[in-house]
Amino acid sequence: MEYIKSHLFLIHIGILTASFLFYFLFLKLKPAFFRWIHFKFKKGKKTIDEAEETADKFLKIILFIIVINVLLDIPFVEQYAKPILKKPILESEAVKISLFSFLKGIIVFYVLLLFTKLLRYTVELYMVFKAKGKEIVSSVDILIYNFSLIVIVMVTLSILGISWKLLIPIAGALGIGIGFGIQDIVNNFVSGFIILFSRTVKRGDWITLGDRFGKIVDIGIRTSTLRTLDNIDIIIPNSHLISGELINWSYTDNMVRIHIPVGVSYSSDVDMVRNTLLDVAKKSEDVLENPPPEVRFVEFGDSSLNFELLVWINVKKVPVPLAKSNLNYMIWQAFKDKGIQIPFPQRDVWFKNELVVKKAPKGS
């Protein structure tokens, strides 16, 4: 009864009233606000919908925390419930965990995760609006996520009641483990950050790694995913992307020139061959008009006249192997229509001594 008459009660009522009014005001203004966001960032509909859902969850959990804190601040609850909640479940020099710290740690972990998601959505929408490109957005998003995760884990451990006195021996044990068994994991982890900062490989790049050609669809902290033209995902350790030779077809520019070798018979009209190859390049939807295609007479081969068709393509629109295949189909059909022959390899065999052919005896 004394509590109801006290100033503390009025303060609690004021806090709760203001909190609920703010939340209901948010619910009232939310549709109009997110309609404006949709209008402003037309390309990010999915991201905006997810951000709206996350914001709703974030405000609900904040409202829940305010209500719980007000309840725990009531004199009766503070006198009888708080001592029970704060009674240590596990206590030592480095660890002091109670039911209160455990629940508080879980709630803080969840709140920080929601806040991180809101931050990532905000940065993504801002960078898309500024036309920074999907590759930069992806790299920044991965960096924010991983750095935030490290901070969230450290803050949560501190709230749970785990002190640095326990973390230091664990870090020492990890150091020994790194020295004996997990060098590759740490190497890939560090390589992931190097890739994100240096941006030698970005999400969406077409690369050739060894004999594998595909598109980078994901870059993680330890591994990256290469998707081949057969829609097969290959999980590649990040260290392989920075320690070995790699061809990035779209590192600085999406335009690349590809070479299509072709051999014709010695009886062919070389001018006709050149014009036919240029016509094929002009008719192809994969080939760019500028820079213009080019035909080179490479060499006089053993059994053919060897030419090379050089064309420019946009690797973001058509993969290199597919562009080469399409051009080969068109060249074969064009040569067939013009009567241009692609010869088989030929060899002349000379016998040093006179070749004697003996007839088999009759009746044998």
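The values are calculated or read from the model by the stated rules, or taken from the named source; none is laboratory data. Quick caveat, the model's predicted, so the values are computed rather than measured. Note: ideal-geometry Cβ built from the backbone for every residue, glycine included; neighbour counts use all protein chains shown.
Taking into account only those residues within the range 281-299 that are touching a residue at least 24 places away in the same chain (Cβ under 8 Å) and within 30 Å of VAL349 (Cβ to Cβ), which is surrounded by the fewest Cβ atoms within 10 Å (Cβ to Cβ)? Here the residue is PHE297. From the list VAL201, VAL217, the one residue that fits, being in a strand (DSSP E or B), under 29 Å from LEU288 (Cβ atoms) and not charged (D, E, K, R), is VAL217. ALA51 meets the conditions (1) modelled with pLDDT under 80; (2) closer than 15 Å to THR122 by Cβ in every case but one. The failed one is (1). Across the range 63-115, the number of residues qualifying as in a helix (DSSP H, G or I), of a type in the set (Lys, Arg) and surrounded by fewer than 13 Cβ atoms within 10 Å (Cβ to Cβ) comes to 0.
Within the range 205-228, the set of residues being surrounded by 14 or more Cβ atoms within 10 Å (Cβ to Cβ), within 20 Å of LYS316 (Cα to Cα) and not β-branched (Val, Ile, Thr) comprises ASP205, TRP206, LEU209, PHE213, GLY214, LYS215, ASP218, SER224, LEU226, ARG227.
Does ASP279 qualify as being under 23 Å from ILE340 (Cα atoms) and assigned to a loop (DSSP other than H, G, I, E, B)? Walk me through how you get there before you give the answer.
Values: under 23 Å from ILE340 (Cα atoms): yes; assigned to a loop (DSSP other than H, G, I, E, B): no.
The answer is no for ASP279.
Taking the conditions exactly as written (at pLDDT 80 or above, part of a helix (DSSP H, G or I) and not β-branched (Val, Ile, Thr)), does ALA32 satisfy them or not? When the stated conditions are applied, ALA32 passes them.
How about the range 38-56: which of its residues are surrounded by 15 or more Cβ atoms within 10 Å (Cβ to Cβ) and not acidic (Asp, Glu)? Listed by number, the residues that qualify are PHE41, GLY44, THR47, ILE48, ALA51, THR54, ALA55.
Of all residues in the range 292-317, those satisfying the criterion of being modelled with pLDDT of 90 or more and within 22 Å of ASP253 (Cα to Cα) are PRO292, PRO293, GLU294, LEU309, LEU310, VAL311, TRP312, ILE313, ASN314.
Please determine, by comparing only the residues of the range 229-247 that are surrounded by fewer than 14 Cβ atoms within 10 Å (Cβ to Cβ) and among the aliphatic types (A, V, I, L, M), which one is farthest from PRO319 (Cα to Cα). Step through it out loud before you land on a result.
As a first pass, look at the range 229-247 and keep what is surrounded by fewer than 14 Cβ atoms within 10 Å (Cβ to Cβ): 229-235, 243-245, 247.
Of the ones still in play, those that are also among the aliphatic types (A, V, I, L, M) are 229, 232, 234-235, 247.
On the way: LEU229: 8, ILE232: 15, ILE234: 17, ILE235: 20, ILE247: 13 Å.
Out of the qualifying residues, it is ILE235.
Of the residues examined, SER268 is one that is surrounded by 15 or more Cβ atoms within 10 Å (Cβ to Cβ), of a type in the set (S, T, N, Q) and not in a strand (DSSP E or B).
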